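Take a look at the structure set out below.
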Amino acid sequence: ASELIISGYQMTIFDRWGSLIFHSEDLSYSWDGSYNGNLLSMGSYVYVIEVDYIDYKGPGTRLEKGTIDIMR
């Protein structure tokens, strides 16, 4: 089995108008569906996750984008 080392990480969440809702560069810090301590209303939010890593092939970057829906 090859070893994977994560050398960088960031997760960013935006609302439908492109306003920044959440940003973290700490893998252990997750988004709880709030903004400035207030629960956000139901709707779709855009996420962008970027992971920099090193594996047996050398350094690389993985980028994932999508939407997450809040339903209450």
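The values are calculated or read from the model by the stated rules, or taken from the named source; none is laboratory data. In this text, all values refer to a predicted model and were calculated from it rather than measured experimentally. We place every Cβ from the backbone using ideal geometry, glycine too, and count neighbours over all the protein chains shown. Note: accessible area is taken over every heavy atom of the protein model, side chains too, but ligands, DNA and RNA are not part of it. Shrake-Rupley method; radii C 1.70, N 1.55, O 1.52, S 1.80 Å.
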| field | Sites R16 and I54, calculated FRET efficiency, Cβ-Cβ separation with R0 30 Å, nearest 0.05 | value | 0.25
| query | In terms of modelled amide H atoms, which long-range or inter-chain residues lie less than 5 Å from the amide H of I21? | reply | I13, F14, D15
| Where W31, W17 fall by accessible area, highest first, once all protein chains stay in place (1.4 Å) | W17, W31
| Positive minus negative residues near R62 (Lys, Arg vs Asp, Glu; Cβ under 12 Å) | -3
| task | For the chain, calculate the relative contact order in percent as a whole number, restricting contacts to Cα pairs under 8 Å that are 6 or more residues apart. | result | 35 percent
| request: Per residue of segment 13-27, in order, report the coupling 6.51 cos²θ - 1.76 cosθ + 1.60 (Karplus, θ = phi - 60°) as ³J(HN,Hα) in whole Hz, putting x for Gly and Pro. | output: 10, 10, 7, 5, 9, x, 6, 5, 9, 7, 8, 8, 10, 10, 4
| request: Tell me which residues come under 5 Å, amide H to amide H, from Y9 once H is placed; ignore anything under 5 positions away on its chain. | output: D52
